[in-house]
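The values are calculated or read from the model by the stated rules, or taken from the named source; none is laboratory data. On a predicted model such as this, the values are computed, not experimentally measured, just so you know. Because the Cβ atoms are built from the backbone with ideal geometry, glycine has one as well, and the counts that use them run over all protein chains shown.
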(Lines give C-alpha, C1' and ligand atoms only; values in the text may rest on other atoms or scores of the structure.)
Protein backbone atom coordinates (compact mmCIF):
# COMPACT_ATOMS: atom_id res chain seq x y z
CA UNK A 1 0.00 0.00 0.00
CA UNK A 2 1.35 3.37 -0.99
CA UNK A 3 1.27 6.11 1.60
CA UNK A 4 0.82 9.57 0.11
CA UNK A 5 1.26 12.65 2.27
CA UNK A 6 -0.25 15.72 0.66
CA UNK A 7 -0.03 19.09 2.38
CA UNK A 8 -1.18 22.48 1.16
CA UNK A 9 1.78 23.91 -0.71
CA UNK A 10 0.49 27.17 -2.09
CA UNK A 11 0.15 30.65 -0.65
CA UNK A 12 -1.01 31.74 2.78
CA UNK A 13 -2.78 29.89 5.58
CA UNK A 14 -6.27 30.89 4.53
CA UNK A 15 -9.47 28.83 4.39
CA UNK A 16 -12.01 29.00 1.57
CA UNK A 17 -13.90 31.62 3.57
CA UNK A 18 -10.78 33.78 3.76
CA UNK A 19 -10.22 33.14 7.48
CA UNK A 20 -7.04 31.70 8.95
CA UNK A 21 -7.44 28.21 10.41
CA UNK A 22 -7.67 28.11 14.19
CA UNK A 23 -5.07 25.31 14.14
CA UNK A 24 -3.50 22.88 11.65
CA UNK A 25 -5.67 19.94 10.58
CA UNK A 26 -4.57 16.44 9.63
CA UNK A 27 -6.97 14.32 7.58
CA UNK A 28 -6.73 10.57 7.04
CA UNK A 29 -8.24 9.38 3.76
CA UNK A 30 -8.82 5.63 3.53
CA UNK A 31 -10.17 4.73 0.10
CA UNK A 32 -10.08 2.06 -2.60
CA UNK A 33 -7.17 2.61 -5.01
CA UNK A 34 -6.60 -0.96 -6.25
CA UNK A 35 -8.76 -3.83 -7.43
CA UNK A 36 -12.15 -3.80 -9.12
CA UNK A 37 -13.45 -0.79 -7.20
CA UNK A 38 -10.35 1.37 -7.68
CA UNK A 39 -11.95 3.81 -10.11
CA UNK A 40 -14.45 4.92 -7.47
CA UNK A 41 -11.81 5.63 -4.85
CA UNK A 42 -9.48 7.32 -7.30
CA UNK A 43 -12.24 9.70 -8.36
CA UNK A 44 -13.19 10.49 -4.74
CA UNK A 45 -9.53 11.11 -3.86
CA UNK A 46 -8.95 13.28 -6.93
CA UNK A 47 -12.03 15.41 -6.27
CA UNK A 48 -11.05 15.81 -2.62
CA UNK A 49 -7.45 16.74 -3.38
CA UNK A 50 -8.51 19.22 -6.08
CA UNK A 51 -10.42 21.20 -3.45
CA UNK A 52 -7.52 20.97 -1.00
CA UNK A 53 -5.07 22.26 -3.59
CA UNK A 54 -7.40 25.08 -4.62
CA UNK A 55 -7.59 26.19 -0.98
CA UNK A 56 -3.79 26.74 -0.99
CA UNK A 57 -3.50 26.21 2.75
CA UNK A 58 -0.26 24.88 4.29
CA UNK A 59 -2.07 24.23 7.59
CA UNK A 60 -3.92 21.21 6.18
CA UNK A 61 -2.29 17.81 5.64
CA UNK A 62 -3.87 14.74 4.03
CA UNK A 63 -2.66 11.16 4.46
CA UNK A 64 -4.04 8.85 1.75
CA UNK A 65 -4.01 5.04 2.02
CA UNK A 66 -5.43 2.20 -0.09
CA UNK A 67 -7.89 -0.16 1.64
CA UNK A 68 -7.92 -2.54 -1.38
CA UNK A 69 -11.69 -2.90 -0.74
CA UNK A 70 -10.98 -5.12 2.29
CA UNK A 71 -12.55 -4.40 5.70
CA UNK A 72 -9.62 -5.81 7.67
CA UNK A 73 -7.18 -3.52 5.87
CA UNK A 74 -9.47 -0.52 6.40
CA UNK A 75 -9.59 -1.24 10.14
CA UNK A 76 -5.80 -1.55 10.33
CA UNK A 77 -5.34 1.73 8.47
CA UNK A 78 -7.85 3.55 10.67
CA UNK A 79 -6.08 2.33 13.80
CA UNK A 80 -2.72 3.46 12.42
CA UNK A 81 -4.03 6.86 11.40
CA UNK A 82 -5.68 7.49 14.76
CA UNK A 83 -2.91 6.13 17.00
CA UNK A 84 0.29 6.81 15.03
CA UNK A 85 -0.49 9.50 12.48
CA UNK A 86 -2.67 11.41 14.97
CA UNK A 87 -5.23 12.48 12.38
CA UNK A 88 -8.09 14.77 13.41
CA UNK A 89 -10.58 13.63 10.75
CA UNK A 90 -11.14 10.43 8.79
CA UNK A 91 -12.78 10.21 5.37
CA UNK A 92 -12.65 8.42 2.02
CA UNK A 93 -14.36 5.04 2.41
CA UNK A 94 -16.39 3.99 -0.64
CA UNK A 95 -17.89 0.66 0.45
CA UNK A 96 -20.48 0.36 3.20
CA UNK A 97 -19.15 -2.89 4.67
CA UNK A 98 -15.82 -1.10 5.19
CA UNK A 99 -17.59 1.91 6.70
CA UNK A 100 -19.39 -0.32 9.19
CA UNK A 101 -16.02 -1.80 10.18
CA UNK A 102 -14.34 1.59 10.69
CA UNK A 103 -16.79 4.38 11.56
CA UNK A 104 -18.24 3.23 14.92
CA UNK A 105 -14.78 2.72 16.39
CA UNK A 106 -13.42 5.99 14.99
CA UNK A 107 -16.21 8.16 16.39
CA UNK A 108 -16.05 6.29 19.71
CA UNK A 109 -12.44 7.50 19.95
CA UNK A 110 -13.57 11.09 19.47
CA UNK A 111 -12.56 11.43 15.82
CA UNK A 112 -14.76 13.04 13.18
CA UNK A 113 -15.66 10.79 10.27
CA UNK A 114 -16.94 12.69 7.22
CA UNK A 115 -18.06 10.37 4.45
CA UNK A 116 -17.36 10.97 0.78
CA UNK A 117 -19.61 8.07 -0.20
CA UNK A 118 -20.66 5.13 2.00
CA UNK A 119 -23.69 5.99 4.14
CA UNK A 120 -25.39 2.81 5.41
CA UNK A 121 -28.78 2.96 7.07
CA UNK A 122 -27.32 1.70 10.34
CA UNK A 123 -25.38 4.97 10.70
CA UNK A 124 -28.25 7.21 9.62
CA UNK A 125 -30.80 6.01 12.16
CA UNK A 126 -30.26 4.59 15.63
CA UNK A 127 -26.49 4.36 15.01
CA UNK A 128 -26.04 8.05 14.22
CA UNK A 129 -23.32 9.97 16.04
CA UNK A 130 -22.49 13.67 16.55
CA UNK A 131 -19.06 13.11 14.97
CA UNK A 132 -20.34 11.26 11.87
CA UNK A 133 -21.42 13.16 8.75
CA UNK A 134 -22.27 11.94 5.26
CA UNK A 135 -21.73 14.51 2.53
CA UNK A 136 -22.82 12.21 -0.30
CA UNK A 137 -26.32 10.95 0.58
CA UNK A 138 -27.86 8.17 2.64
CA UNK A 139 -27.46 4.86 0.82
CA UNK A 140 -31.15 4.50 -0.03
CA UNK A 141 -31.55 7.94 -1.63
CA UNK A 142 -30.66 7.49 -5.30
CA UNK A 143 -32.52 4.18 -5.32
CA UNK A 144 -35.61 5.81 -3.82
CA UNK A 145 -35.47 8.27 -6.70
CA UNK A 146 -35.21 5.38 -9.17
CA UNK A 147 -38.34 3.85 -7.64
CA UNK A 148 -40.15 7.18 -7.99
CA UNK A 149 -39.01 7.45 -11.62
CA UNK A 150 -40.06 3.88 -12.46
CA UNK A 151 -43.53 4.61 -11.07
CA UNK A 152 -43.80 7.89 -12.99
CA UNK A 153 -42.63 6.17 -16.19
CA UNK A 154 -45.46 3.65 -15.89
CA UNK A 155 -43.44 0.49 -15.28
CA UNK A 156 -45.65 -2.08 -13.57
CA UNK A 157 -43.44 -5.19 -13.20
CA UNK A 158 -39.82 -4.62 -12.23
CA UNK A 159 -37.02 -7.14 -11.67
CA UNK A 160 -34.53 -5.83 -9.07
CA UNK A 161 -31.00 -6.94 -8.13
CA UNK A 162 -28.03 -5.73 -6.11
CA UNK A 163 -24.93 -7.14 -4.35
CA UNK A 164 -25.36 -8.82 -0.97
CA UNK A 165 -23.78 -6.20 1.32
CA UNK A 166 -25.17 -3.25 3.34
CA UNK A 167 -25.43 -0.80 0.46
CA UNK A 168 -27.03 -3.43 -1.75
CA UNK A 169 -29.71 -4.12 0.83
CA UNK A 170 -30.27 -0.39 1.33
CA UNK A 171 -30.57 0.07 -2.43
CA UNK A 172 -33.39 -2.42 -2.91
CA UNK A 173 -35.16 -1.22 0.24
CA UNK A 174 -34.97 2.32 -1.11
CA UNK A 175 -36.29 1.38 -4.55
CA UNK A 176 -39.24 -0.52 -3.10
CA UNK A 177 -40.08 2.35 -0.74
CA UNK A 178 -40.98 4.62 -3.71
CA UNK A 179 -42.01 2.06 -6.38
CA UNK A 180 -45.74 1.49 -6.70
CA UNK A 181 -45.65 -1.43 -9.15
CA UNK A 182 -44.95 -5.14 -8.66
CA UNK A 183 -41.47 -6.47 -7.88
CA UNK A 184 -41.46 -9.69 -9.91
CA UNK A 185 -38.13 -10.89 -8.50
CA UNK A 186 -35.56 -9.63 -6.00
CA UNK A 187 -32.02 -11.00 -6.24
CA UNK A 188 -28.87 -10.46 -4.22
CA UNK A 189 -25.65 -11.22 -6.10
CA UNK A 190 -22.19 -11.79 -4.68
CA UNK A 191 -20.12 -8.70 -3.95
CA UNK A 192 -17.48 -8.54 -6.69
CA UNK A 193 -19.34 -10.95 -8.99
CA UNK A 194 -18.42 -10.77 -12.68
CA UNK A 195 -20.59 -13.48 -14.34
CA UNK A 196 -24.28 -12.59 -14.60
CA UNK A 197 -25.48 -15.26 -17.05
CA UNK A 198 -27.81 -16.86 -14.48
CA UNK A 199 -29.32 -13.52 -13.43
CA UNK A 200 -29.86 -12.43 -17.05
CA UNK A 201 -31.57 -15.75 -17.79
CA UNK A 202 -33.93 -15.11 -14.88
CA UNK A 203 -34.65 -11.60 -16.17
CA UNK A 204 -35.45 -13.03 -19.62
CA UNK A 205 -37.94 -15.49 -18.13
CA UNK A 206 -39.49 -13.13 -15.59
CA UNK A 207 -41.97 -11.22 -17.74
CA UNK A 208 -40.70 -7.96 -16.24
CA UNK A 209 -41.24 -4.72 -18.13
CA UNK A 210 -38.17 -3.11 -16.50
CA UNK A 211 -35.00 -3.96 -14.57
CA UNK A 212 -33.58 -1.96 -11.66
CA UNK A 213 -30.00 -2.85 -10.75
CA UNK A 214 -27.35 -1.48 -8.42
CA UNK A 215 -23.92 -2.87 -9.34
CA UNK A 216 -21.15 -0.31 -8.74
CA UNK A 217 -17.67 -0.39 -10.23
CA UNK A 218 -16.48 -3.44 -12.14
CA UNK A 219 -19.68 -5.32 -11.30
CA UNK A 220 -21.76 -2.85 -13.30
CA UNK A 221 -19.36 -2.96 -16.25
CA UNK A 222 -19.55 -6.77 -16.39
CA UNK A 223 -23.33 -6.83 -16.06
CA UNK A 224 -23.95 -4.16 -18.70
CA UNK A 225 -21.68 -5.80 -21.27
CA UNK A 226 -23.25 -9.22 -20.73
CA UNK A 227 -26.77 -7.76 -20.77
CA UNK A 228 -26.12 -6.07 -24.12
CA UNK A 229 -24.71 -9.28 -25.57
CA UNK A 230 -27.65 -11.35 -24.33
CA UNK A 231 -30.19 -9.71 -26.59
CA UNK A 232 -32.58 -9.08 -23.69
CA UNK A 233 -34.19 -5.70 -24.40
CA UNK A 234 -36.07 -5.09 -21.15
CA UNK A 235 -35.38 -1.42 -20.21
CA UNK A 236 -32.78 -0.81 -17.52
CA UNK A 237 -32.99 1.68 -14.65
CA UNK A 238 -30.25 2.30 -12.14
CA UNK A 239 -28.61 4.77 -9.80
CA UNK A 240 -25.72 6.90 -11.01
CA UNK A 241 -23.29 4.31 -9.66
CA UNK A 242 -24.31 1.90 -12.44
CA UNK A 243 -23.98 4.51 -15.20
CA UNK A 244 -21.24 6.77 -13.94
CA UNK A 245 -18.56 8.42 -16.03
CA UNK A 246 -15.93 5.68 -15.81
CA UNK A 247 -18.41 2.82 -16.19
CA UNK A 248 -19.90 4.37 -19.32
CA UNK A 249 -16.59 4.46 -21.16
CA UNK A 250 -16.04 0.77 -20.39
CA UNK A 251 -19.59 -0.28 -21.33
CA UNK A 252 -19.85 1.70 -24.55
CA UNK A 253 -22.90 2.49 -26.68
CA UNK A 254 -25.01 -0.23 -25.02
CA UNK A 255 -25.71 2.29 -22.26
CA UNK A 256 -27.12 5.01 -24.56
CA UNK A 257 -30.59 6.18 -23.57
CA UNK A 258 -30.62 4.46 -20.19
CA UNK A 259 -32.14 6.48 -17.35
CA UNK A 260 -30.34 6.74 -14.01
CA UNK A 261 -30.77 8.78 -10.85
CA UNK A 262 -28.20 11.10 -9.28
CA UNK A 263 -27.85 13.98 -6.86
CA UNK A 264 -25.08 15.46 -9.02
CA UNK A 265 -24.51 15.91 -12.74
CA UNK A 266 -21.95 17.89 -14.66
CA UNK A 267 -24.74 20.00 -16.19
CA UNK A 268 -26.17 21.32 -12.90
CA UNK A 269 -26.26 25.04 -13.59
CA UNK A 270 -24.39 26.88 -10.84
CA UNK A 271 -21.05 28.68 -10.69
CA UNK A 272 -19.42 26.26 -8.23
CA UNK A 273 -20.24 23.26 -10.41
CA UNK A 274 -19.03 24.89 -13.62
CA UNK A 275 -15.75 25.84 -11.94
CA UNK A 276 -15.36 22.31 -10.53
CA UNK A 277 -15.98 20.53 -13.84
CA UNK A 278 -13.53 22.73 -15.74
CA UNK A 279 -10.83 22.54 -13.04
CA UNK A 280 -11.19 18.75 -12.78
CA UNK A 281 -10.94 18.29 -16.55
CA UNK A 282 -7.91 20.58 -16.69
CA UNK A 283 -6.07 18.78 -13.91
CA UNK A 284 -6.94 15.14 -14.61
CA UNK A 285 -7.80 15.07 -18.31
CA UNK A 286 -11.20 13.43 -17.80
CA UNK A 287 -14.71 14.35 -16.80
CA UNK A 288 -15.56 14.09 -13.09
CA UNK A 289 -17.92 11.43 -11.75
CA UNK A 290 -20.38 11.60 -8.86
CA UNK A 291 -17.57 10.23 -6.67
CA UNK A 292 -15.35 13.13 -7.75
CA UNK A 293 -18.11 15.59 -6.88
CA UNK A 294 -18.66 14.03 -3.44
CA UNK A 295 -14.93 14.20 -2.70
CA UNK A 296 -14.77 17.84 -3.77
CA UNK A 297 -17.78 18.82 -1.65
CA UNK A 298 -16.43 16.90 1.35
CA UNK A 299 -13.12 18.76 1.27
CA UNK A 300 -14.86 22.11 0.91
CA UNK A 301 -17.16 21.33 3.84
CA UNK A 302 -14.12 20.56 6.02
CA UNK A 303 -12.35 23.70 4.84
CA UNK A 304 -15.38 25.86 5.60
CA UNK A 305 -15.71 24.43 9.11
CA UNK A 306 -11.97 24.81 9.79
CA UNK A 307 -12.24 28.50 9.00
CA UNK A 308 -14.85 28.89 11.76
CA UNK A 309 -13.77 26.57 14.57
CA UNK A 310 -10.87 24.54 15.91
CA UNK A 311 -11.22 20.80 15.32
CA UNK A 312 -9.97 20.25 18.88
CA UNK A 313 -13.10 22.06 20.11
CA UNK A 314 -15.38 19.20 19.09
CA UNK A 315 -18.68 20.92 19.88
CA UNK A 316 -17.78 24.07 17.97
CA UNK A 317 -16.39 22.12 15.00
CA UNK A 318 -19.51 19.96 14.88
CA UNK A 319 -21.69 23.08 14.73
CA UNK A 320 -19.51 24.51 11.96
CA UNK A 321 -19.92 21.31 9.96
CA UNK A 322 -23.68 21.31 10.57
CA UNK A 323 -23.91 24.83 9.13
CA UNK A 324 -22.63 23.49 5.77
CA UNK A 325 -21.48 26.99 4.84
CA UNK A 326 -19.84 26.17 1.52
CA UNK A 327 -20.78 26.37 -2.16
CA UNK A 328 -21.80 22.83 -3.04
CA UNK A 329 -21.48 21.72 -6.65
CA UNK A 330 -25.02 20.39 -6.18
CA UNK A 331 -26.41 23.85 -5.46
CA UNK A 332 -28.90 23.47 -2.62
CA UNK A 333 -27.32 21.51 0.24
CA UNK A 334 -28.07 21.21 3.94
CA UNK A 335 -27.82 18.56 6.64
CA UNK A 336 -30.77 16.86 8.27
CA UNK A 337 -30.83 16.14 12.01
CA UNK A 338 -28.86 12.91 11.47
CA UNK A 339 -26.03 14.66 9.57
CA UNK A 340 -27.13 13.32 6.16
CA UNK A 341 -27.95 15.64 3.25
CA UNK A 342 -31.27 17.17 2.31
CA UNK A 343 -31.01 17.62 -1.46
CA UNK A 344 -32.62 17.28 -4.88
CA UNK A 345 -32.22 14.03 -6.83
CA UNK A 346 -32.42 14.02 -10.63
CA UNK A 347 -33.15 11.66 -13.49
CA UNK A 348 -30.32 11.56 -16.02
CA UNK A 349 -30.12 10.01 -19.47
CA UNK A 350 -26.98 8.50 -20.98
CA UNK A 351 -25.99 10.50 -24.07
CA UNK A 352 -22.98 10.88 -26.33
CA UNK A 353 -21.09 14.17 -26.61
CA UNK A 354 -18.62 13.73 -29.46
CA UNK A 355 -16.88 10.46 -28.66
CA UNK A 356 -17.57 10.64 -24.92
CA UNK A 357 -20.48 8.92 -23.23
CA UNK A 358 -21.91 11.00 -20.40
CA UNK A 359 -25.18 11.96 -18.69
CA UNK A 360 -27.60 14.86 -18.93
CA UNK A 361 -30.42 15.77 -16.56
CA UNK A 362 -33.90 15.16 -18.03
CA UNK A 363 -36.11 15.40 -14.93
CA UNK A 364 -36.16 15.88 -11.15
CA UNK A 365 -37.20 12.75 -9.26
CA UNK A 366 -37.27 14.06 -5.68
CA UNK A 367 -36.95 17.60 -4.30
CA UNK A 368 -35.44 18.58 -0.93
CA UNK A 369 -35.30 14.89 -0.09
CA UNK A 370 -34.41 13.64 3.39
CA UNK A 371 -33.70 10.01 4.18
CA UNK A 372 -36.15 7.67 5.90
CA UNK A 373 -33.96 7.04 8.95
CA UNK A 374 -33.56 10.58 10.32
CA UNK A 375 -36.55 10.07 12.63
CA UNK A 376 -34.67 7.25 14.39
CA UNK A 377 -31.59 9.37 15.15
CA UNK A 378 -31.56 10.56 18.76
CA UNK A 379 -28.54 12.87 18.84
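Odds and ends about this structure:
- Residues in region 322-336 that are touching a residue at least 60 places away in the same chain (Cβ under 8 Å) and out of contact with any strand residue (DSSP E or B) (no Cβ under 8 Å at 6 or more places or on another chain): 325, 326, 329.
- Among the residues making up region 220-245, those that are under 22 Å from residue 267 (Cβ atoms) and in a helix (DSSP H, G or I) are 220, 240, 241, 242, 245.
- Residue-level check: of (1) crowded, with 17+ Cβ neighbours inside 10 Å; (2) in a helix (DSSP H, G or I); (3) not assigned by TED's automatic domain parsing to the domain that holds residue 364, residue 274 misses just (1).
- Meets criteria (under 17 Å from residue 302 (Cα atoms), outside the structural domain of residue 168 (by TED's automatic domain parsing) and touching a residue at least 40 places away in the same chain (Cβ under 8 Å)) for residue 28: yes
- Every listed requirement among (1) within 18 Å of the chain's Cα centre (by Cα); (2) crowded, with 24+ Cβ neighbours inside 10 Å is met by residue 68 save one, (2).
- Whichever residue in region 344-354 is surrounded by fewer than 23 Cβ atoms within 10 Å (Cβ to Cβ) and either assigned by TED's automatic domain parsing to the domain that holds residue 127 or in a strand (DSSP E or B) (or both) and, among such residues, is nearest to the chain's Cα centre (by Cα): 344
- Members of region 26-52 that are modelled with pLDDT under 95 and either touching a helix residue (DSSP H, G or I) at 6+ places or on another chain (Cβ under 8 Å) or more than 22 Å from residue 289 (Cα to Cα) (or both): 36, 37, 39, 40
- Total residues in region 355-379 satisfying the condition of being part of a strand (DSSP E or B) and touching a strand residue (DSSP E or B) at 6+ places or on another chain (Cβ under 9 Å): the figure is 13.
- Within region 153-171, being outside any strand (DSSP E or B) and touching a helix residue (DSSP H, G or I) at 6+ places or on another chain (Cβ under 7 Å) holds for 165, 166, 167, 170, 171.
- Within region 39-74, restricting attention to residues that are without any contact (Cβ under 8 Å) to a residue 40 or more places away in the chain and touching a strand residue (DSSP E or B) at 6+ places or on another chain (Cβ under 9 Å), the residue that is nearest to residue 217 (Cα to Cα) is 42.
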